[in-house]
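Chemist: Encoded as structure tokens, here's the structure I'll be asking about.
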Amino acid sequence: MSVTSPERPAETKTKRVLLAAPRGYCAGVDRAVVAVEKALETYGAPVYVRKEIVHNKHVVETLRERGAIFVNETDEVPEGSRLVFSAHGVSPAVRASAVARSLDTIDATCPLVTKVHKEAVRFAKDDYDILLIGHTGHEEVEGTAGEAPEHVQIVNSPDEVDQVVVRDPDKVVWISQTTLSVDETMETVRRLRDKFPSLQDPPSDDICYATQNRQVAVKKLAPECDLVIVVGSANSSNSVRLVEVALQAGATASYRVDRKTEIRDEWLEGVTTVGVTSGASVPEILVQDVIAHLADHGFGTVDEVRTATEDLMFSLPRELRAGLKAAGEEPKRPRREARKESRRPEPGRAGRLTVWSAKGQVIGNSSCR
């Protein structure tokens, strides 16, 4: 008589979350959001904002509830009112329109976007053909192209390179939207250089440190993930890019959500490892809501995957600092409480951040303010 051992239950793998760091708010977004909040506190509602201050539904809805009025163009703003320019920047034509309507403006353009604007102006002055790698219709691209419209051509993707025509192949330079996929941008540059061997590079990487750092973090965790959830809005270019980067880096699946309620139960079926990150315009509270939602579905272990430590802050817009000073309030740098993943700087390195090249290599540590 043979005795059969009782069948052992199948081992269950621990469900876990790999949480990317850095993620969420970057310094430029922090500055822009605080600028609107401070304007409302100092001057009272309404405060008008051209376009979305940053590309995030939750942020825009929250500011609207506090008295911000979002408009598409300056002619929608009553003459003499206060208007905030969004973090994506505006063209000289928009600034001129604001002056013509006697608007009291606060410029919340991200300083890294302003840097690209200045590059466009300088290269146009030297009569270069400027190839702006970016997405037609994006506010940042419209603002940058508007600095030198007669010199700028927009290149949306590597596949558009064959259509590019320049006046002088020896006087051509590329610049880029700050929130693009690093890999796709470099592929576009490679093809442009094949076509125009004398193509010049911008003085420094135009893709911002935050975009690069978030993409590097996703590349690190994606190969271990059955699913990567990116928190961010559909019109957030850098959030959309994170989904693409996750899939290219080896994630089995990746989806973008604005908030936890958009996560579908079927996405989690058969999944043991979920990666979570967020775009550069996403407040940390939305990420924590997603983490809590995943915990309710059995993903109770959360491991952070850190590839860089950021501690960059920009001063509030000049116009707002002057207004705060006149009101007797000491202007301070934007808060950083929303970015809980940031560690305290190492001794002797306060105010520094890790900077990544477009190829995903560490350039060094910057004390840029």
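The values are calculated or read from the model by the stated rules, or taken from the named source; none is laboratory data. Nothing here was measured: the structure is a model prediction, and the numbers come from that model. Cβ atoms come from the backbone with ideal geometry, glycine included; neighbour counts cover every protein chain shown. Accessible surface is based on the protein model in full, side chains and every heavy atom, while ligands, DNA and RNA are left aside. Shrake-Rupley method; radii C 1.70, N 1.55, O 1.52, S 1.80 Å.
Chemist: Could you calculate the contour length gain from Ala45 to Asn235, that is, 0.36 nm times the residue separation minus the distance between their Cα atoms, to one decimal place in nm? Write down the numbers at each step before the final one.
Modeler: Details: separation 190, 0.36 × 190 = 68.40 nm, distance 2.63 nm.
Computed gain between Ala45 and Asn235 is 65.8 nm.
Chemist: What FRET efficiency would be calculated for the residue pair Ala96, Thr14, taking the C-beta separation as r and a Förster radius of 41 Å, to the nearest 0.05?
Modeler: Values: r = 60 Å, r/R0 = 1.45.
Efficiency, from the Cβ-Cβ distance: 0.10.
Chemist: Something else: Mind checking the range 118-195 for GluC sites (Glu not before Pro) that DSSP puts in a loop (not H, G, I, E or B) and that have at most 12 other Cβ atoms within 10 Å?
Modeler: In loop regions of the range 118-195 (DSSP not H, G, I, E or B), the sparsely surrounded GluC sites (Glu not before Pro) are Glu150.
Chemist: Then there is this: Label Arg306 and Ala327 with points 7 Å out from Cα along Cα→Cβ: what is the distance between them in nm?
Modeler: Placing both labels 7 Å beyond Cα along the Cβ direction yields 3.5 nm.
Chemist: So who's got an amide H within less than 5 Å of the one on Val302, skipping anything under 5 residues away but keeping other chains? H placed 1.01 Å off N, in plane.
Modeler: For Val302, the qualifying residues are Val17.
Chemist: From the cross-link list Lys57/Lys219; Lys118/Lys171; Lys51/Lys219, which pairs have alpha carbons spaced over 22 Å apart? Working shown, then result.
Modeler: Numbers: Lys57/Lys219 26 Å; Lys118/Lys171 18 Å; Lys51/Lys219 31 Å.
From the list (Lys57/Lys219; Lys118/Lys171; Lys51/Lys219), the Cα-Cα distance tops 22 Å for Lys57/Lys219; Lys51/Lys219.
Chemist: In the full protein assembly as shown, how much of Asp170 is accessible to a 1.4 Å probe, in Å² to the nearest 10?
Modeler: Probe radius 1.4 Å; accessible area of Asp170 about 100 Å².
Chemist: Nearest 10 degrees, 0 to 90: what angle lies between the long axis of helix 284-296 and the longest principal axis of the chain (Cα atoms)?
Modeler: For helix 284-296, the angle is close to 20 degrees.
Chemist: Could you let me know the centre-to-centre spacing of the range 136-167 and the range 201-246, using Cα atoms, in angstrom?
Modeler: 22
Chemist: Just for the chain, what percent of DSSP beta bridges are antiparallel, to the closest 5? It would help to have the intermediate numbers written out before the result.
Modeler: Working: 4 of 44 bridges.
The antiparallel fraction comes to roughly 10 percent.
Chemist: So what is the relative contact order for the chain, in percent, with contacts set as C-alpha pairs under 8 Å and at least six apart?
Modeler: Numbers: 749 pairs, mean separation 84.0, N = 369.
Computed value for the chain: 23 percent relative contact order.
Chemist: Per 0.36 nm of contour for each residue apart, how much would the distance between Lys118 and Val165 grow if the chain were fully extended, relative to their Cα-Cα spacing? Walk me through the numbers before you get to the answer.
Modeler: Numbers: separation 47, 0.36 × 47 = 16.92 nm, distance 2.34 nm.
Once the chain is fully extended between Lys118 and Val165, it gains 14.6 nm.
Chemist: I would also like to ask the following. For the chain, what is the calculated [θ] at 222 nm in deg cm²/dmol (nearest 500), taking -39500 (n - 2.57) for each run of four or more DSSP H residues and dividing by its residue count? Before the final figure, lay out the partial values.
Modeler: Numbers: 10 runs with 118 residues, N = 369.
The helix contribution divided over the chain gives -10000 deg cm²/dmol.
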